[in-house]
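Worksheet: the structure to be examined is printed underneath.
The values are calculated or read from the model by the stated rules, or taken from the named source; none is laboratory data. These figures come from a predicted structure and were not determined experimentally. Neighbour counts run over all protein chains shown; Cβ positions are idealised from the backbone, glycine included.
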Amino acid sequence: MEVTVAKSAGFCFGVKRAVELVYEEVGKAQKIYTLGPIIHNEQVVRDLEEKGVQVLHSVEEIEAGEDATVIIRSHGVPKKTAVALQEKGIRIVDATCPFVKKIHNIVQAKKEEGYEIVVVGSAKHPEVKGTCGWCDNQCHVVETVQEARDCPLDKQKKVCVVAQTTFNYKKFEDIVDILSKKSYDIFIMNTICNATEERQTEAGTIARKSDAMIVIGGKHSSNTQKLYEICKAECADTHFIQTLDDLDLKLFQSFRSVGITAGASTPNNIIKEVQSYVRQEH
């Protein structure tokens, strides 16, 4: 059997940087917190918990002035959360992905210049919630073509469009086509990061050539979910797994070629484990 592993699979720059920052902080303060899980990967979060890193879900859980370090994850946070953290008087390590930070700066500046803001992405995703918080939540969040059609933009107003860094590139193009017809003055920033575009394109290419496809990633990982959708559209036998334990190899016995890709929050050791197991079994 031929097994092809995507070169772009696994940790992206922003996630790698965030995870390394947390490991560097272990043991430096009495308490170390991450605001939300540092990445959408249960194995990494569990390993950090064993090293004493606690996951918090709100700023209110932190006592003012305590000997603690709070790490902002790669998804970033809304402006009011950043301000609330500063007011606690504790040490903050900002692990917001620089590509996400760039979007915060764009929406903040464009809002001040009088633009209407459109964020293309999932309203429930922490990155999108964070971005909206940098333009006072005065923005439209659009995830589907239908939502783009329904988006009530003022033709006389200037419009700025940005995207969640992990959004599906083809979907973004379709949505932008619709939004472009709604305004005379539209400023479009394709803020989908290169690693995402590369990963999605490569996943589709491998899936097209494979009898079966394995997509590895956390079940709450937005970018892995999108990889699964892209692969499934190209290869009917696409399987979404978190770890090797989820893999039923009996399903793969009749295939001649299997492709493997993984989301931005998937550690390299899990990808290697799946790869070697699939190869050994055949």
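Is it the case that His57 is outside the structural domain of Pro152 (by TED's automatic domain parsing), closer than 23 Å to Ala264 by Cα, at pLDDT below 95 and loosely packed, with under 15 Cβ neighbours inside 10 Å?
Values: outside the structural domain of Pro152 (by TED's automatic domain parsing): yes; closer than 23 Å to Ala264 by Cα: yes; at pLDDT below 95: yes; loosely packed, with under 15 Cβ neighbours inside 10 Å: yes.
In short, yes.
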Next item on the list: State the number of residues belonging to the range 138-161 that are out of contact with any Cys (no Cβ under 9 Å at 6 or more places or on another chain), among the aliphatic types (A, V, I, L, M) and modelled with pLDDT of 95 or more.
Entry: 4
Margin query: Quick test of your reading of the structure: Val215 fulfils all but one of (1) under 20 Å from the mean Cα position of the chain (by Cα); (2) farther than 16 Å from Thr201 by Cα; (3) hydrophobic (A, V, I, L, M, F, W, C). Name the failing condition by number.
Written below: (2)
Check: Only one of Ala9, Ala29, Ala68, Ala18 is buried (at least 22 other Cβ atoms within 10 Å of the Cβ), touching a strand residue (DSSP E or B) at 6+ places or on another chain (Cβ under 6 Å) and either assigned by TED's automatic domain parsing to the domain that holds Ile241 or of a type in the set (Gly, Ala, Ser) (or both); which?
Finding: Ala9
Margin query: Exactly one of these conditions fails for Lys101: (1) touching a residue at least 40 places away in the same chain (Cβ under 8 Å); (2) within 15 Å of the chain's Cα centre (by Cα). Give me its number.
Written below: (1)
Check: With respect to Ile206, is the statement that it is within 23 Å of the chain's Cα centre (by Cα), over 30 Å from Lys129 (Cβ atoms) and of a type outside the set (Ser, Thr, Tyr) true?
Finding: yes
Note to self: For Thr191, only one of the following conditions fails: (1) at pLDDT 95 or above; (2) surrounded by 24 or more Cβ atoms within 10 Å (Cβ to Cβ). What is its number?
What the structure shows: (2)
